[in-house]
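In what follows, a structure is listed as C-alpha cells, so that the remarks can point back to it.
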Amino acid sequence: MEYFTQCQKLCQIETRRMVIVMGLIASAILVFQSLALTYGNALSSPFPAGKVPILLAKGSLGSEDSSPKSPRELPLSNDSINTKESSAVGVVKWTGASDMGRGTEHVNERKENDGDPDSESVLENDGDPDEDFLLDEDRNPDGEFLDEEVVDQGNGLTQEKVRDPHNSSTLEKAGDEENGLSLEKDAKPGKSDANSFNSVVPAASDIPSMGKQATEMLLPKGKNSELGQSVSPSLDDDSIIVSIPVRKNMKQVMPRIPISLMNRILQRNRVSSRSMRPRWSSAHDQELLSARKQIQSAPIVRNNPELYAPVFRNVSMFKRSYELMEHVLKVYVYKEGKKPIFHTPMLGGIYASEGWFMKLMEGNKQFVVKNPRKAHLFYLPFSSRFLQHALYVPGSHNRRNLAAHLKNYIENIAMKYPFWNRTGGADHFLAACHDWAPYETRHNLDRTIRALCNADLNEGFKIGKDVSLPETFVRNQQNPLRDLGGKPASKRPTLAFFAGNMHGRVRPILLQYWENKDPDMKIFGPMPRGPKRKTTYIQYMKTSKYCICPRGYEVNSPRVVEAIFYECVPVIISDNFVPPFFEIFDWESFSVFVAEKDIPMLKDILLSIPDKKYRTMQMRVKKVQQHFLWHSKPVKYDIFHMTLHSIWYNRVHQVKTR
C-alpha cells in the first residue's frame with residue numbers, strides 16, 4: 001500500500017512537471033513568433049485560419065484601450081499615412097473590412113434628424129412609435145457594437161504568404177515591434193533598395209480594419225507625394241504587404257482614399273475582373289459580351305437634349321449602355337421569401353431607397369420576366385431594414401442570425417434553381433440601404449452585385465462590382481417630389497449650411513470648429529422645433545451655396561441627395577465613401593470633396609473656389625438632378641433606372657464565359 005502511495009505521488013509530480021514544461025514551450029513559441037515577425041520570418045499563426053484579419057500598414061498601434069474619445073480629442077486625420085519619404089508604388093491588398101465591421105458596429109442607428117429635423121415624419125421608424133430603435137442599452141460600454149467574430153489575440157499577429165498578381169514571387173506578411181508595425185516589399189533581382197516603402201506611420205485611429213475579402217488600393221509614387229494628390233501609378237507595379245497586431249474591439253479606420261485613386265481602382269477593376277467563370281455556358285453571357293463591345297465602341301454623342309455631358313464620365317458610353325439595357329436586359333425576381341423581410345417595401349424615411357427600388361422592380365413589366373431561363377440577372381427582393389427589425393435581438397450584440405437568415409434563403413434558392421450555382425451568384429443582385437447590409441451580405445453574397453447605401457471601402461465595398469445606392473429621405477410617399485428645387489445661384493446668401501444630430505466622430509468636430517463661429521457658415525446641431533424657429537431646414541438648403549454632407553456613424557448620408565434635390569452644391573466630408581453611381585458620374589464636376597482632417601480649413605476651401613466655378617457646379621447640380629428622383633411610375637433616366645443601369649453596367653463589365 002505504501003509502495004502504491006509513493007508511485008501515485010511520483011506520477012503527480014511528473015504530471016506537474018510536464019504541464020510546466022509544456023507551458024514553457026508554448027510561451028517560448030509565442031515569444032519567438034512575436035520576435036520573428038519583426039524580421040519577416042514568422043511561424044504559422046496558432047489561431048484558426050480566417051478568424052484574425054491581416055492588416056496592412058506601418059506605424060504605431062497605440063494602447064489597448066479603445067474607448068471613444070471626446071469630440072475635442074478626436075483625431076482629425078484618417079489619412080495620416082506619411083508617404084513623403086517613400087517612393088514605392090504598389091497594389092496594397094486591404095482585406096475587405098467587414099470581418100471587424102470597422103472594428104466595431106454601431107447598434108443605435110437612430111438618425112431621426114439625419115434629414116430635415118423639422119419634418120413631422122419620424123425618419124427611422126417611419127411613423128411607428130413602437131418600432132425597435134436599438135437604444136443605448138444595446139451598446140457595449142464604449143457605445144459601439146462588438147463584432148462577435150473577432151478573436152482576441154492580445155498582442156498576437158497572423159502571417160501568411162500572398163501571391164503577387166503581377167509576378168510569380170511570394171510575399172510574406174509580418175510584423176510587431178513593441179506594438180509597432182513592419183512592412184516588407186518582395187525582393188526582386190535588380191530592384192534597388194531605394195524603392196522600399198520605409199516610412200508609413202498611421203496614428204492609432206488611422207489603422208485600417210481588415211476582413212477576409214480583398215479590396216485593392218493603389219499607392220502613389222514618388223517623394224513628397226500624398227494620397228490626396230493626383231497621381232498615375234502604374235497598374236503593373238509591385239505589391240506592398242504589411243501586417244499589424246489585432247486586438248479585440250480595436251477601432252480601425254482605413255487611410256483615406258481620395259476620389260482620384262478611386263477612379264484608378266475602377267479603371268483597374270474594369271481591366272482585371274475577378275468574377276467567377278460560370279460552371280456552364282449560357283447564351284445570355286454572349287449577349288452581355290456583345291453589349292460590352294458595343295458600349296466600348298459607342299458612337300460619339302453630341303448635344304443630346306436629355307443628357308448633360310459634363311456630369312458624366314463618358315456620356316456616349318452611358319447612352320449606348322442605357323439603350324442596350326432597355327432592349328436587352330431581362331430580370332427574374334425570386335418569389336421565395338416570407339414577408340416582411342422579403343417583398344415588403346418600406347417607402348418612407350432614410351432607408352426608403354431599398355423599398356422604392358423593390359416596389360418598382362417587382363411591379364416592372366419592361367424588364368421583369370416570369371421564366372427565369374430568359375433572364376440575364378436575378379433579383380433578391382429582401383429588405384435589410386426589415387431584416388434588422390424582425391430578427392435582431394436588442395442587447396444581444398449579435399447579428400449572426402441576420403446573416404444566417406440570408407444564408408438559408410440563398411441555400412433554398414440554390415437547391416430549387418440552377419442559376420445561383422452556375423455563377424456563384426455573380427449574376428444576382430440586391431438593393432439594401434440599412435447600415436448593416438455590408439455585414440449581412442459579406443460572405444454568402446460576396447460575388448453578388450450589391451447596391452448599397454453604405455458604400456464604404458472600409459467595409460468591403462467593391463468598386464466596379466457593387467453599386468453605390470443613393471440614400472434618399474422620402475418625406476412624402478404620395479408625392480416624393482414635393483418641395484423640389486431651390487433658389488438660383490445669385491439668391492443664395494449663405495455660404496455653407498449643416499444641421500443635424502451628432503452621429504459619429506466627424507460631426508462633433510464640424511461643430512467644434514464652425515458652430516456660431518462665422519456668420520457665413522450656418523453650422524448647427526439639431527435645429528429647434530416649434531413656432532419660434534426662424535428658418536427651416538429646407539429653406540436653408542434652398543438658399544445656401546454649399547450644403548455640408550458629413551458622415552454620421554456610417555459614410556453615407558441622405559444629405560448628398562437632399563443637396564441635389566434642393567439644387568445646392570454638395571460638400572462631401574466622408575473619407576472612403578464611394579458616391580452614388582460612381583461608375584457613371586464625374587462627381588468632381590458638380591460637388592466638393594473635403595477630407596475629414598481638413599474640417600478646420602473648410603471655409604478657406606470653399607472660398608478658394610472661384611465664383612464662376614461655383615455657378616458652373618450649381619448649374620450642373622440642376623442638370624444631374626433628374627437622375628436622383630423617385631417617381632411613382634418610373635421615368636427614363638430617373639433614380640430607379642439609374643440604379644438598375646449601374647447594376648447592368650457592372651455586370652456587363654464583369655461577365656466571363658467558359
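If a/c stays under 1.5 just call it rounded; otherwise compare a/b with b/c (prolate if a/b is bigger, oblate if not). Do that for the range 424-495, with a ≥ b ≥ c from the square roots of the Cα gyration tensor eigenvalues.
Values: a/c = 3.12, a/b = 2.20, b/c = 1.42.
Prolate shape, in that a/c is at least 1.5 and a/b is the bigger ratio.
Anything over 26 Å Cα to Cα? Flag those among Lys623/Lys656; Lys293/Lys613; Lys338/Lys365, in the order listed.
Values: Lys623/Lys656 35 Å; Lys293/Lys613 36 Å; Lys338/Lys365 23 Å.
The answer is Lys623/Lys656; Lys293/Lys613.
Between the alpha-carbon centres of the range 401-479 and the range 303-338 there is a gap of 20 Å. Among the listed pairs Lys597/Lys622; Lys416/Lys462; Lys374/Lys416; Lys335/Lys465, those whose Cα-Cα separation exceeds 20 Å are Lys597/Lys622; Lys416/Lys462; Lys335/Lys465. From the Cα gyration tensor of the range 489-628, with a ≥ b ≥ c the square roots of its eigenvalues, which class applies: rounded if a/c is under 1.5, or else prolate if a/b is larger than b/c, or else oblate? Rounded is the answer for the range 489-628, as its axis ratio a/c remains below 1.5.
Taking Cα pairs under 8 Å and at least six residues apart, what relative contact order does the range 489-628 come out at, in percent?
Numbers: 207 pairs, mean separation 33.3, N = 140.
The normalised contact order for the range 489-628 reaches 24 percent.
When Glu515, Glu554 are sorted by how many other C-beta atoms sit within 10 angstrom of their C-beta, beginning with the fewest, the order is Glu515, Glu554.
Between Val368 and Val331, the built amide H atoms are under 5 Å apart, and every one of these is 5 or more places off in sequence or on another chain.
Of Lys359/Lys542; Lys522/Lys612; Lys612/Lys633, which ones are farther than 26 Å apart at the Cα?
Values: Lys359/Lys542 30 Å; Lys522/Lys612 22 Å; Lys612/Lys633 37 Å.
Going by Cα-Cα distance, Lys359/Lys542; Lys612/Lys633 fall outside the 26 Å limit.
No value in this document is a laboratory result; all are computed from the given coordinates. Computed from a predicted structure; not experimentally measured. All Cβ positions, even for glycine, are placed from backbone atoms using ideal geometry, and neighbour counts span all protein chains on display.
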